[in-house]
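Below you'll find the structure, written out as structure tokens, and then a few comments.
The values are calculated or read from the model by the stated rules, or taken from the named source; none is laboratory data. These numbers were taken from a predicted model, which means no experiment stands behind them. Positions of Cβ are backbone-derived with ideal geometry, glycine not excepted, and every protein chain shown enters the neighbour counts.
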Amino acid sequence: MIIEHHTIKDKIRFKRFFVALKPCIDGFLSGCRPYLAVDSTFLTGRFKGQLASATAVDGHSWMYPVCMGVFDSETNENWIWFMQLVRQAIGSPRGLTICTDAGQPVMIGVKEVFPEAEHRECMFHLVSNFKKKFHGKVFDDHLWAAAYSWNPYLFEKNWVAMDIAKPAATAYLRKWHTRLWSRSQFSTISKVDYVTNDLVERFSNWIKHHKSLNLDDFFDKLRQLIMIMWNRRRKVTRKLVGLILPHIIKKLNAKTRELNLEVVESSEEVAEVTALGGSGFRFVVNLLDRTCSCRQWEVSGLPCKHGLAFITSLTNARIENYVDSFYSIHKFRAAYDQLIPAMVDKNQWPKSDHGFFMFPPLLKATAGRPKTEKYKGCSEKKRKSGQHLCPICKDYGHHWHKCKKGNPDDIAAILAVRGPPKKRTKTTKSAQSSIVPCEDDAPSAIRFPPSQILEKTTKQKGKGGKFGSGGAKRSRTQPICGEHDVAKKKTHVAVKVHAKRKSKEVAEITPHLPMVPLDSPAMGTRSKKFNPASPAMSTRSKRRLSL
């Protein structure tokens, strides 16, 4: 662990931080393939910054964290510093391969510190930048195909198709994307055939719920996550028997079931394998050297379909004898052999005195709401908000019982499991209602509180008051005093209070009650219909009525 600081205005402040656990380093060197995916993700805590990571992959193709670091921003200086510490931790293993995105600082850091390593560029970021300048079906059909091409012949075939369609596109790739991004150019030592930097995305999703913590709490939580992962995978290794991981053998056995290939043996170790139907390509397989002219076997370390066809045609041949040792159970156990040390909480950590006090980094003012999710590129799939996903046709905008594209049998199967859809009843959440029963000794008349007649005012529009269109200040009316008889029969009065209408109460009385006469003083209230010549007509709500 390394902590660097610098002095700003006579105060020693935190600058950057690097950590690498010894069990992770030893496990990477002894049990993992020599491959590192390097990238950074932003922190969301009080003190913003970048979390750089170097992630490897084990024989089971599981993510394997190796080194982490924190700095303020992605600059050439910070990335060179991080890569130098990575080199101090792991050295320079034979056949080391480093995959990054198209960012210039991280590419400069890898070039300066690991000039001998194989430097790959993430194909996903390459395509994202490429689509900003060039579009067309020819690129959709041949750009990814060129990246997944195993041998130079297939790569050249797709490259020529793009060059004929748009020479400027291939010139752009030659100028700005000079790192390795096609399988046809990968070395045969690392035994990793990844064309994207998906490992760092897995690492970012693994820690995304803890990026808002302070650095001491964050790295303590990260240590616990690694400790849990190591313990769980160590338990898996105790149950494994044999030479190669069962996951790999199961994967290869599945490939042998649908092989449409013709094998012509030249000897016990060499044969020609031809595809029946389709392309008709012929490849040469050498079991002794574990090679195939398609180059998939050499690059990935696993027998390709041509090699599997030759192996399965032999008597008493075992597939596990032709798999690279990086996929062996022995290597997998070595990766998780050492224990991650357990620690007490930070309140019990020993106190240290370095002769100075280190202040936190200076906060930078940022505009807008703090960012918690990364900005998605133009080629990334964005979630369609506000639309329902149909489980049958996987389309948006409708429910499964109204699906027109799906199979009726699938709809019937879901209907049998879930039952018919239930209709939702409309409810008014903003309304409150209560039923008030009349007592036996209740009064036989309803009294209305006194009210004042509205008078027009000539005051000008001022602060804190509301005025109508006529310029007069609007005031609320009070009910006019009055009473009328109520039937002796017991009734219930239902009162509904609506939150959207301010302080309006609607009293519903049984219809057989006598109506209030038009000349009653109660007609001066706002809720009653009254004479157009009434002073209450100066209010805004009464002028809108159609008389």
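Residues PHE114, PHE71: which one is surrounded by 21 or more Cβ atoms within 10 Å (Cβ to Cβ), in contact with a helix residue (DSSP H, G or I) (Cβ under 8 Å, 6 or more places away or on another chain) and not β-branched (Val, Ile, Thr)?
PHE71
Looking only at residues that are part of a strand (DSSP E or B), surrounded by fewer than 24 Cβ atoms within 10 Å (Cβ to Cβ) and of a type in the set (Phe, Trp, Tyr) in region 16-63, which one is nearest to the chain's Cα centre (by Cα)?
PHE42
Among the candidates GLU298, GLU272, GLU265, which residue alone is buried (at least 17 other Cβ atoms within 10 Å of the Cβ) and on the phi < 0 side of the Ramachandran plot?
GLU298
So, of the residues in region 320-358 that are aliphatic (A, V, I, L, M) and at pLDDT 95 or above, which turns out to be surrounded by the most Cβ atoms within 10 Å (Cβ to Cβ)?
Looking at residues that are aliphatic (A, V, I, L, M) and at pLDDT 95 or above, I get ALA335.
Test TYR153 against the stated conditions and say whether it is assigned by TED's automatic domain parsing to the domain that holds SER92 and in contact (Cβ under 8 Å) with a residue 40 or more places away in the chain.
Judged against the criteria, TYR153 is not a match.
Taking GLU121, is it over 30 Å from SER325 (Cβ atoms) and of a type outside the set (A, V, I, L, M, F, W, C)?
No; evaluated as a whole, the condition is false for this residue.
Show me the helices (runs of 4 or more DSSP H) entirely contained within region 101-150 in which 1 or more residues are modelled with pLDDT of 95 or more and more than 25 Å from ASP163 (Cα to Cα).
Correct list: 104-113.
Between a residue in region 238-254 that is exposed (fewer than 13 other Cβ atoms within 10 Å of the Cβ) and any residue that is assigned to a helix (DSSP H, G or I) and among the aromatic types (Phe, Trp, Tyr), which pairs come within a Cβ distance under 8 Å, given they are 6 or more apart or on different chains?
none
Conditions first: (1) part of a helix (DSSP H, G or I); (2) of a type in the set (Lys, Arg); (3) under 32 Å from the mean Cα position of the chain (by Cα). ARG257 passes all but one, so which condition is the exception?
Condition not satisfied by ARG257: (3).
Run down SER182, SER212 and say which single residue is polar (S, T, N, Q) and surrounded by fewer than 18 Cβ atoms within 10 Å (Cβ to Cβ).
That would be SER212, the only listed residue that is polar (S, T, N, Q) and surrounded by fewer than 18 Cβ atoms within 10 Å (Cβ to Cβ).
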